[in-house]
Amino acid sequence: MDVGLLMSYSGGFAEAARRLGDFEAAGVDSVLLPEAYTFDAVSQLGYLAARTERMRIASGILNAYSRTPALLAMTAAGLDFVSDGRFELGLGASGPQVVEGFHGLPYTSPLTRIREVIEICRTVWRREPLRHEGRHFQLPLTAERGGTGRAGRPLRLINHPVRPGIPVVLAALGARSVELAAELCEGWQPTLYLPEAAKEVFGPSLAAGQARRAQWLPPLRIVPDTKVLISEDAAELAAGRERVREYIALYVGGMGARGGNFYHALVARYGFEESAALIEDLYQTGRKAEAAAAVPAGLVDQVALVGPPGLVAERVAAHRESGVTGLNASPIADTHDRRVADMELLKRLAG
């Protein structure tokens with residue numbers, strides 16, 4: 001399995017970028033940079049391309065609303081160019097909190113939009129004249145759809161991309177979005193991934209999507225996000241598990257309104273319905289510490305790679321057995337040297 005480094009978007013980027021070479025030397029295969037309502041990821045990914053030689057660089061993720069499909073295609077082609085063919089387009093729907101709250105755009109029909117975005121990107125990368133007649137996008141834009149009707153004509157990308165096809169990895173959790181990833185994309189990136197429940201929760205969607213998958217696409221890569229801390233020290237592991245609890249509580253309790261939180265719905269599908277409801281109630285009323293304490297120990301231990309080397313090796317094996325082909329890990333040790341060591345050991349365990 002490949003091992004990717006999931007960088008933080010909330011601070012410390014300059015220092016992390018300077019030290020990225022240590023992770024590359026340790027054998028880490030890729031680096032992913034999220035984008036929420038932070039500094040844009042694109043400019044920083046260009047900087048990371050210049051700081052690395054071998055690692056793949058990936059957006060983890062860019063949302064499908066705030067940039068036009070053609071701009072997403074141009075951006076991906078540009079990042080692939082400056083990295084000598086090492087870029088992967090991590091794409092996702094995000095959610096109404098970000099799309100409507102920060103970008104001021106209606107969060108409508110995310111699956112149809114993502115399908116059209118991917119189709120348009122691939123047309124651009126092949127340097128074909130850009131024509132698209134879809135529900136969300138019509139290219140060129142006609143007068144009937146709000147254009148001026150004057151000069152719109154099918155254009156092709158001026159530059160020749162490094163590759164005519166850039167890998168697309170879709171971040172997805174819901175049944176229909178996972179199905180879309182399995183049908184259209186080179187990779188699928190889940191989070192809060194519980195390998196023992198994967199077959200029951202995700203299996204039908206993956207099978208349905210795979211049944212419609214084009215023969216020219218490579219086998220689907222499955223690359224979940226996770227947290228990693230490998231230690232024999234009981235106090236250090238307890239602190240690490242607390243960090244994971246806080247992370248889970250944030251996503252299950254705070255990422256979306258009641259009834260519209262994808263992470264809450266996923267944890268409930270895993271069988272933690274009562275815990276998910278309690279976490280949400282506590283978090284939504286400002287009791288964040290209590291929400292973190294309400295995260296079940298079993299959930300922490302199953303979705304994170306926190307423990308002694310033997311236990312982490314068992315969890316890596318469980319991920320592999322469930323069909324995972326790579327791990328995107330956030331190391332949570334206190335020091336840089338420990339984080340590098342944990343990623344190096346994880347790479348060895350992943351094989």
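The values are calculated or read from the model by the stated rules, or taken from the named source; none is laboratory data. The shown structure was predicted, so the numbers you read here are calculated from the model rather than taken from an experiment. Cβ atoms come from the backbone with ideal geometry, glycine included; neighbour counts cover every protein chain shown. Just the protein is used for accessible areas: all its heavy atoms, side chains included, with ligands, DNA and RNA removed. Shrake-Rupley method; radii C 1.70, N 1.55, O 1.52, S 1.80 Å.
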Relative to the first principal axis of the alpha-carbon coordinates of the chain, what is the inclination of helix 41-51, with its axis defined by its Cα atoms, in degrees from 0 to 90 and to the nearest 10? 70
Solvent-accessible area per residue, Å², over the chain with all protein chains present [probe radius 1.4 Å]: 45
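Relative contact order (percent) for the stretch 152-275, with alpha-carbon contacts under 8 angstrom and 6 or more residues of separation? Intermediate values should be presented prior to the final figure.
Values: 125 pairs, mean separation 28.9, N = 124.
Computed value for the stretch 152-275: 23 percent relative contact order.
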May I ask you to derive the relative contact order of the chain, considering only C-alpha pairs under 8 Å and at least 6 residues apart, and to give it as an integer percent? 19
Given the chain, what percent of its DSSP beta bridges are antiparallel, to the nearest 5? 5
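Leaving out ligands, DNA and RNA, what percent of the accessible area of the chain is carbon and sulfur, probe 1.4 Å? Before the final figure, lay out the partial values.
Numbers: 8660 of 15910 Å².
Within the chain, the accessible surface is 54 percent carbon and sulfur.
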Net charge of neighbours whose Cβ lies under 14 Å from the Cβ of GLU24, counting Lys and Arg as +1 and Asp and Glu as -1: +3
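Taking GluC sites (Glu not before Pro) as candidate sites, keep only those in a DSSP loop with at most 13 other Cβ atoms within 10 Å, then name the longest stretch of the chain containing none of them.
Working: sites that count: GLU53, GLU232.
Counting at most 13 other Cβ atoms within 10 Å as exposed, the longest clean stretch of the chain is 54-231.
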Taking +1 at the Cβ of each Lys and Arg and -1 at the Cβ of each Asp and Glu, which of THR191, LEU91, GLY149 sits farthest along the dipole of the chain towards its positive end, judged by Cα position relative to the Cα centre? GLY149
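Tell me whether the stretch 219-291 comes out rounded, prolate or oblate; compute the Cα gyration tensor, take square roots of the eigenvalues as a ≥ b ≥ c, and use a/c under 1.5 as the rounded threshold.
Details: a/c = 2.36, a/b = 1.19, b/c = 1.99.
Because a/c hits 1.5 or more and a/b fails to exceed b/c, the stretch 219-291 counts as oblate.
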Using only the Cα atoms, what convex hull volume per residue in Å³ does the stretch 216-351 have? 132
Taking all pairs of different Cα atoms in the chain, averaging 1/r and flipping that mean, what Kirkwood radius in angstroms comes out? 21.1
Taking only Cα atoms, what is the 0 to 90° angle, nearest 10, from helix 336-350's long axis to the longest principal axis of the chain? 80
Report, in degrees rounded to the nearest 10, the 0 to 90 angle that the Cα long axis of helix 234-254 makes with the longest principal axis of the chain. 40
Work out the length of the dipole vector of the stretch 247-328 about its Cα centre, built from +1 on the beta-carbon of each Lys and Arg and -1 on the beta-carbon of each Asp and Glu, and round it to the nearest 20 debye. 200
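Ordering HIS136, HIS103 by how much accessible area each has at a 1.4 Å probe, largest first, what is the list?
Working: HIS136 45, HIS103 70 Å².
So the residues, ranked largest to smallest area, are HIS103, HIS136.
Based on DSSP H runs of at least 4 residues, each adding -39500 (n - 2.57), what is the mean residue ellipticity at 222 nm of the chain after dividing by all its residues, to the nearest 500 deg cm²/dmol?
Computed mean residue ellipticity for the chain: -14500 deg cm²/dmol.
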